[in-house]
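Please read the structure below before turning to the comments.
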Number of protein chains: 2
Amino acid sequence: MFTGLSAFPLTPLRDDQVDLAAYTRLIDRLGAAEVGSIGALGSTGSYAYLDRDERRAVAAATVEHAGHVPVLIGIGALRASQVRALAADAQEVGADAVLLAPVSYQELTEDDVAGLYEDVTAELSVPLVVYDNPGTTHFTFSLDLYAHIASLPHVEGIKIPPTAGSVEEVRERIQAIRAVIPEHVRLGISGDGFAATGLLAGCDAWFSSLGGILPQAMAAIARPALAGEEESALAGSERLRPVWELIAEFGSLRVAAAMAGHLELVQEPCLPRPLLGLTGSDRDRVRAVVEELGLRD
Amino acid sequence: MFTGLSAFPLTPLRDDQVDLAAYTRLIDRLGAAEVGSIGALGSTGSYAYLDRDERRAVAAATVEHAGHVPVLIGIGALRASQVRALAADAQEVGADAVLLAPVSYQELTEDDVAGLYEDVTAELSVPLVVYDNPGTTHFTFSLDLYAHIASLPHVEGIKIPPTAGSVEEVRERIQAIRAVIPEHVRLGISGDGFAATGLLAGCDAWFSSLGGILPQAMAAIARPALAGEEESALAGSERLRPVWELIAEFGSLRVAAAMAGHLELVQEPCLPRPLLGLTGSDRDRVRAVVEELGLRD
């Protein structure tokens with residue numbers, strides 16, 4: 001389940017309500033594209049902004065529309081009791097796995113984070129992926145903490161942050177992590193512009209934000225990368241450099257939302273306020289990149 | 001209302017429920033100490049971890065027990081619609097003012113934050129204090145953004161972050177802010193170890209985390225500082241250097257919780273999990289500092 005392309009769809013809002021009709025169309029599209037898995041309610045799915053009822057409805061709709069594609073559900077929240085409730089909800093609606101980031105307001109210590117994963121995994125009956133996303137959680141995992149958490153029951157994957165460098169350099173980082181975690185725990189790269197390198201360097205999976213909107217375009221990079229075809233994978237990723245530059249400037253959520261709007265997959269604005277969508281010349285740049293690169297899927 | 005010592009109490013939890021009995025004892029204590037105002041559900045009050053019902057109950061209990069002391073209620077949340085609901089709740093239970101931080105998960109732009117304050121102030125009928133707390137929100141206000149937001153209706157104060165430096169250096173920063181905001185908007189310093197300097201440098205108020213637990217000890221610094229008695233204020237703050245060092249190391253929330261536990265004002269653990277209280281030798285250091293400095297209030 002934690003191999004290949006894992007597509008992370010947006011959760012579009014309309015008038016501050018989850019637009020379930022648009023959302024299920026996104027999921028149907030991912031099912032048809034036969035992605036390796038669907039990561040619903042990830043950072044791109046705005047999980048942190050939604051309440052428990054909304055998250056349960058989105059999780060249920062994902063499972064219902066994903067067909068045979070495995071579904072991971074994000075269960076992160078600030079308070080441990082909220083996380084446990086969300087884990088129970090995700091399992092009840094039939095999630096194949098859950099994804100947990102150590103969301104913070106007050107700075108978290110390693111002991112806080114270890115305790116959170118201990119508490120949550122103690123009650124779990126599906127696999128858990130550790131969601132290491134320092135850009136949004138402002139928490140940095142040490143190798144020691146990876147080692148401790150990866151040894152907990154039900155932990156079967158770690159979603160690692162974007163890792164810059166050559167394939168060789170990233171391979172060193174991957175090997176350093178693998179050296180401290182059990183063999184069965186899978187590693188997934190995130191940061192779409194770093195995915196080709198990450199997969200070539202030995203990651204098992206790619207947790208992809210744009211994969212939620214452009215599954216075919218991302219699969220076209222994932223396929224050669226997973227097959228070890230270095231030249232082809234890197235060339236495919238290099239071709240999308242203008243996309244990676246947009247993400248570096250605006251963040252993947254706003255770029256995914258603008259692309260989805262341009263492709264008429266969602267109605268804009270679709271982000272939870274106060275987050276504003278891209279407008280004016282920023283929006284024009286996204287449109288131009290989509291058109292110039294022929295990113296219609 | 002936005003002058004002098006504003007005390008920010010903990011919201012103690014017990015078995016993952018708000019311990020309203022302990023909380024109201026804290027508020028009664030602040031009322032008796034005649035602090036300038038009470039800042040309920042601030043960062044020290046763990047607002048970000050509590051749900052809407054819990055926050056409404058805490059806000060109502062604060063107003064009920066504060067006597068004639070003005071009450072500010074924190075209304076921050078990730079989603080603008082949540083903030084607006086919390087603002088309505090705070091006003092319904094009788095808050096004298098609200099306090100709003102731009103809480104983030106996805107990185108916020110200046111436009112996002114401006115829009116948030118515009119939306120919220122448009123519906124407000126009590127004063128609003130801008131809560132600039134980059135340590136928890138990871139958002140940094142520019143002077144231009146201060147200027148824009150401070151000119152919105154109902155905005156009557158800005159809680160600025162800890163500002164290091166001599167009185168002269170901090171005065172320059174305060175004057176730079178004052179130069180761009182309307183004259184009626186008050187400035188409050190935060191970061192208890194920076195408060196004497198901040199007040200001497202021209203801040204109107206001190207938004208104090210430890211003031212929620214040790215109002216007399218903090219008032220003993222605030223009083224000379226507000227009177228411009230530089231030597232006495234700085235000496236009073238210097239005397240508490242071991243406290244400021246604990247805060248620098250563990251954060252004010254964990255230090256306030258450990259002090260409150262040691263003084264038997266709350267039952268430990270009292271923080272929302274995954275946040276763990278201080279234990280072992282860390283806890284011993286807090287106890288030793290409280291005893292050595294005679295911080296019993």
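The values are calculated or read from the model by the stated rules, or taken from the named source; none is laboratory data. These numbers come from a predicted model, not from an experiment. Please note: Cβ atoms are built from the backbone with ideal geometry, for glycine as well, and neighbour counts cover all protein chains shown. Accessible surface is based on the protein model in full, side chains and every heavy atom, while ligands, DNA and RNA are left aside. Shrake-Rupley method; radii C 1.70, N 1.55, O 1.52, S 1.80 Å.
Restricting to the stretch A:46-59, name every residue that is touching a residue at least 60 places away in the same chain (Cβ under 8 Å) and of a type outside the set (A, V, I, L, M, F, W, C).
Answer for the stretch A:46-59, where residues must be touching a residue at least 60 places away in the same chain (Cβ under 8 Å) and of a type outside the set (A, V, I, L, M, F, W, C): A:S46, A:Y49.
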Problem set entry | Candidates B:L246, B:L276, B:L187, filtered to the one that is in a helix (DSSP H, G or I) and aliphatic (A, V, I, L, M) | B:L246
For this session: For the stretch A:213-229, state whether one or more residues are free of Cβ contacts under 8 Å to residues at least 12 places away in the same chain and not in a loop (DSSP other than H, G, I, E, B).
Result: yes
Problem set entry | Matching residues in the stretch B:92-108 - criterion: being open to solvent by 10 Å² or more (accessible area, probe 1.4 Å), within 11 Å of chain A (Cβ to nearest Cβ) and touching a Leu at 6+ places or on another chain (Cβ under 9 Å) | B:V103, B:S104, B:Q106, B:L108
Seminar exercise, completed: For the stretch B:17-43, pairs from a residue that is hydroxyl-bearing (S, T, Y) to a residue that is open to solvent by 30 Å² or more (accessible area, probe 1.4 Å) and part of a helix (DSSP H, G or I), with Cβ under 6 Å and 6 or more apart or across chains, are B:T24/B:H65
For this session: Output the residues belonging to the stretch B:109-152 that are within 22 Å of A:L108 (Cα to Cα), open to solvent by less than 20 Å² (accessible area, probe 1.4 Å) and either facing chain A (nearest Cβ under 7 Å) or not in a strand (DSSP E or B) (or both).
Result: B:D132, B:T136, B:T137, B:F139
For this session: Sort out which residues of the stretch A:7-23 are within 15 Å of A:E268 (Cβ to Cβ) and part of a loop (DSSP other than H, G, I, E, B), and write them in order of number.
Result: A:L10, A:T11, A:P12, A:D15, A:D16, A:D19
Exercise. Do we have any residue at all in the stretch B:175-195 that's open to solvent by 30 Å² or more (accessible area, probe 1.4 Å) and of a type in the set (F, W, Y)?
Worked result: yes
Exercise. Consider B:L100 against the criteria (1) touching a Phe, Trp or Tyr at 6+ places or on another chain (Cβ under 6 Å); (2) farther than 25 Å from A:L278 by Cα; (3) hydrophobic (A, V, I, L, M, F, W, C): it satisfies all of them except one. Which criterion is unmet?
Worked result: (2)
Exercise. Being surrounded by fewer than 17 Cβ atoms within 10 Å (Cβ to Cβ) and either among the hydroxyl-bearing types (S, T, Y) or touching a Ser or Thr at 6+ places or on another chain (Cβ under 6 Å) (or both), is that true of even one residue in the stretch B:278-292?
Worked result: yes
Exercise. Tell me, which residue of the stretch A:76-86 that is open to solvent by less than 20 Å² (accessible area, probe 1.4 Å) and not hydrophobic (A, V, I, L, M, F, W, C) is farthest from the other protein chains (Cβ to nearest Cβ)?
Worked result: A:G76
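Looking only at residues that are β-branched (V, I, T) and over 21 Å from A:L128 (Cβ atoms) in the stretch A:170-197, which one is nearest to the chain's Cα centre (by Cα)?
Residue satisfying both the conditions and the ranking: A:T197.
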Exercise. Looking at (1) open to solvent by 10 Å² or more (accessible area, probe 1.4 Å); (2) away from chain A (no Cβ under 14 Å); (3) without any contact (Cβ under 8 Å) to a residue 60 or more places away in the chain; (4) not in a loop (DSSP other than H, G, I, E, B), which is the one condition that is false for B:V170?
Worked result: (1)
For this session: Kindly establish whether A:D89 is surrounded by fewer than 24 Cβ atoms within 10 Å (Cβ to Cβ), out of contact with any strand residue (DSSP E or B) (no Cβ under 6 Å at 6 or more places or on another chain) and within 12 Å of another protein chain (Cβ to nearest Cβ).
Result: no
Exercise. Of the residues that sit in the stretch B:257-273 and are open to solvent by less than 10 Å² (accessible area, probe 1.4 Å) and not in a helix (DSSP H, G or I), which one is farthest from the other protein chains (Cβ to nearest Cβ)?
Worked result: B:C270
Exercise. Does A:L99 meet the test of being assigned to a loop (DSSP other than H, G, I, E, B) and either under 20 Å from A:F2 (Cα atoms) or of a type in the set (S, T, N, Q) (or both)?
Worked result: no
Problem set entry | Flag if A:R254 is touching a residue at least 24 places away in the same chain (Cβ under 8 Å), basic (K, R) and open to solvent by less than 30 Å² (accessible area, probe 1.4 Å) | yes
Problem set entry | Restricting the stretch A:48-75 to residues that are in a helix (DSSP H, G or I) and closer than 21 Å to B:Q106 by Cβ, the residue that is farthest from the other protein chains (Cβ to nearest Cβ) | A:T62
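Return yes when A:G45 is in contact with a Gly (Cβ under 8 Å, 6 or more places away or on another chain), farther than 20 Å from A:G191 by Cα and in a loop (DSSP other than H, G, I, E, B) and no when it is not.
For A:G45, the condition - in contact with a Gly (Cβ under 8 Å, 6 or more places away or on another chain), farther than 20 Å from A:G191 by Cα and in a loop (DSSP other than H, G, I, E, B) - is not met.
Picking from A:R223, A:R241, which residue would you name as being more than 16 Å from the chain's Cα centre (by Cα), farther than 17 Å from A:T163 by Cα, of a type in the set (K, R) and surrounded by fewer than 24 Cβ atoms within 10 Å (Cβ to Cβ)?
A:R223
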